[in-house]
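**Student:** Dropping the structure in here first, questions after.
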Amino acid sequence: MDWENFSQSVGWEKIFVSSVVSEANQPCVGKSISQIAAERGHADPADAAFDLLVEEQLAVGMISFGLDEADITAIMRHPAVSFITDGLMSGRPHPRAYATYPRILGRYVREQGVLSLEEAVRKMTSLPARKIRLRNKGVIAEGYDADLVVFDPDTVIDKNSYDDPRVHPAGIRHVLVNGVFVVEDAALTGARPGRVIRD
């Protein structure tokens with residue numbers, strides 16, 4: 001009976017399947033639970049959702065649409081809010097998996113002026129690093145990990161969509177992890193210098 005009940009808060013027509021494991025249910029990917037229910041002849045979309053969860057042994061990804069744009073910008077402006085993403089890469093991922101930060105920098109900073117560039121970068125780097133107590137992260141300083149993104153503030157923007165989520169953003173020139181190029185001149189290098197942080 002709270003915000004975690006997505007069917008109640010946004011409605012079955014705004015909950016879309018983003019991934020399944022079985023080949024048999026691949027046609028469900030990209031469709032709303034309401035659409036799947038209609039195709040399967042279920043009067044109650046909950047029955048279609050439960051059937052799909054049983055068939056996939058709970059391995060069903062979803063994307064829901066339920067936030068208001070005015071709420072998003074108000075939340076973004078709050079001084080305690082930092083920017084992160086929980087986008088997953090399986091199936092048809094949410095576009096945020098590829099483009100959360102370019103969208104913020106392009107749409108909300110450059111186009112709408114919701115935040116200054118400096119404040120947006122702080123909310124992406126030093127603020128979340130400090131909040132979760134990541135040592136040697138979040139700022140450019142001696143002794144810190146050289147995790148850097150070189151972008152053009154005049155062109156950075158998300159280019160993907162819900163229908164085509166695996167499109168890389170524009171305006172990102174270089175990405176370094178631990179001082180090693182993983183993206184150089186806008187192309188992946190194949191390097192994997194990252195490491196798991198355990199403390």
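The values are calculated or read from the model by the stated rules, or taken from the named source; none is laboratory data. Everything numeric here is computed off the predicted structure, so don't read it as measured data. In this analysis, Cβ positions are derived from the backbone assuming ideal geometry, glycine residues included, and neighbour counts consider all displayed protein chains.
**Student:** Does residue 149 meet the test of being surrounded by 13 or more Cβ atoms within 10 Å (Cβ to Cβ) and more than 26 Å from residue 109 (Cα to Cα)?
**Tutor:** Taking the combined requirement at face value, the residue does not satisfy it.
**Student:** Taking only region 80-100 into account, find how many residues are of a type outside the set (A, V, I, L, M) and touching a strand residue (DSSP E or B) at 6+ places or on another chain (Cβ under 8 Å).
**Tutor:** Number of matching residues: 5.
**Student:** For the structure I just gave you, tell me whether residue 54 is surrounded by fewer than 15 Cβ atoms within 10 Å (Cβ to Cβ), at pLDDT 95 or above and not assigned by TED's automatic domain parsing to the domain that holds residue 121.
**Tutor:** Yes: the conditions hold for residue 54.
**Student:** Which condition breaks for residue 57 when tested against (1) in contact (Cβ under 8 Å) with a residue 12 or more places away in the chain; (2) at negative phi?
**Tutor:** (2)
**Student:** Looking for whichever is aromatic (Phe, Trp, Tyr), at negative phi, in contact (Cβ under 8 Å) with a residue 40 or more places away in the chain and assigned by TED's automatic domain parsing to the domain that holds residue 111 here; the options are 83, 16. Which one fits?
**Tutor:** One residue alone meets the criteria, 83.
Each row is one residue, and each column tells you yes or no for (1) without any contact (Cβ under 8 Å) to a residue 12 or more places away in the chain; (2) in contact with a helix residue (DSSP H, G or I) (Cβ under 9 Å, 6 or more places away or on another chain); (3) outside any helix (DSSP H, G or I).
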{"site": "88", "(1), (2), (3)": "no, yes, yes"}
{"site": "109", "(1), (2), (3)": "no, yes, no"}
{"site": "115", "(1), (2), (3)": "no, yes, yes"}
{"site": "129", "(1), (2), (3)": "yes, no, no"}
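**Student:** Also, I was wondering about something else. Among 24, 43, 48, which is the only one that is surrounded by 13 or more Cβ atoms within 10 Å (Cβ to Cβ) and of a type in the set (Gly, Ala, Ser)?
**Tutor:** One residue alone meets the criteria, 48.
**Student:** Let me ask something else. Test residue 164 against the criterion of being outside any helix (DSSP H, G or I) and over 30 Å from residue 91 (Cα atoms), and give yes or no.
**Tutor:** no
**Student:** Here is a list: 7, 32, 19. Which entry is surrounded by 13 or more Cβ atoms within 10 Å (Cβ to Cβ) and touching a Ser or Thr at 6+ places or on another chain (Cβ under 6 Å)?
**Tutor:** After ruling out the rest, the residue left standing is 19.
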